[in-house]
């Protein structure tokens, strides 16, 4: 338990919280210097507001507004946010959510838009070339053709795709 300190002393020291006497609800915890409010009472009050229809509406308005979107973007690129996203993506729930999205009409439409974009077309073309090259260089196949393998390898060297 923290050492008891008066509000006047806390203000003098520049503290934001102090430990005084228990609040009227009996909480024995810190109080805010600026309002004398008990930290536990404030937490309960915020929790009740967040669960109310008015609180949910306010939260939704904040999250969809410019401040909320910007805060989410900053978190997503921070080390803590990146780690949280990685953990979620690696979890069974993340895999299931990803699979459901990809199977949904919205996910199919997004994939089609990406595949039709210049970046998607380039990626698909590169993947196709890589598959063709692997197949042509596979000497265990019955239809292995050394001339075709040499031709595809020469094209890959020209495009600087294949380096030994």
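One residue is enough: does the range 19-40 have a residue meeting the conditions at pLDDT below 95 and closer than 27 Å to residue 111 by Cβ? Steps first, please.
Applying the first criterion (at pLDDT below 95) to the range 19-40 yields 19-40.
Keeping just the survivors that are closer than 27 Å to residue 111 by Cβ gives none.
Within the range 19-40 (the criterion being at pLDDT below 95 and closer than 27 Å to residue 111 by Cβ), the answer is no, since none of the residues qualifies.
Return yes or no: is residue 99 farther than 28 Å from residue 76 by Cα, free of Cβ contacts under 8 Å to residues at least 40 places away in the same chain and surrounded by fewer than 13 Cβ atoms within 10 Å (Cβ to Cβ)? Please lay out each step first, then the result.
Working: farther than 28 Å from residue 76 by Cα: no; free of Cβ contacts under 8 Å to residues at least 40 places away in the same chain: yes; surrounded by fewer than 13 Cβ atoms within 10 Å (Cβ to Cβ): yes.
Answer is no for this residue.
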*Condition met for residue 59 (in contact with a helix residue (DSSP H, G or I) (Cβ under 9 Å, 6 or more places away or on another chain), assigned to a helix (DSSP H, G or I) and surrounded by fewer than 11 Cβ atoms within 10 Å (Cβ to Cβ))*: no
*Read through the list (1) farther than 30 Å from residue 89 by Cα; (2) touching a helix residue (DSSP H, G or I) at 6+ places or on another chain (Cβ under 8 Å), then give the number of the only condition that residue 120 fails.*
(1)
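Out of 48, 73, 59, report the one residue that is free of Cβ contacts under 8 Å to residues at least 12 places away in the same chain and over 30 Å from residue 24 (Cα atoms). Before you say what the answer is, go through the steps one by one.
Working: 48 fails: over 30 Å from residue 24 (Cα atoms); 59 fails: over 30 Å from residue 24 (Cα atoms).
Just a single option satisfies the conditions, and that option is 73.
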_Residue satisfying all of: in the range 1-19; under 20 Å from residue 45 (Cα atoms) and assigned to a loop (DSSP other than H, G, I, E, B); farthest from the chain's Cα centre (by Cα) among these_ = 19
*In the range 18-27, how many residues are more than 14 Å from residue 5 (Cβ to Cβ) and out of contact with any strand residue (DSSP E or B) (no Cβ under 6 Å at 6 or more places or on another chain)?*
4
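The values are calculated or read from the model by the stated rules, or taken from the named source; none is laboratory data. Source: prediction; values computed, not measured. Glycine also receives a Cβ, built like all others from the backbone with ideal geometry; neighbour counts cover every protein chain displayed.
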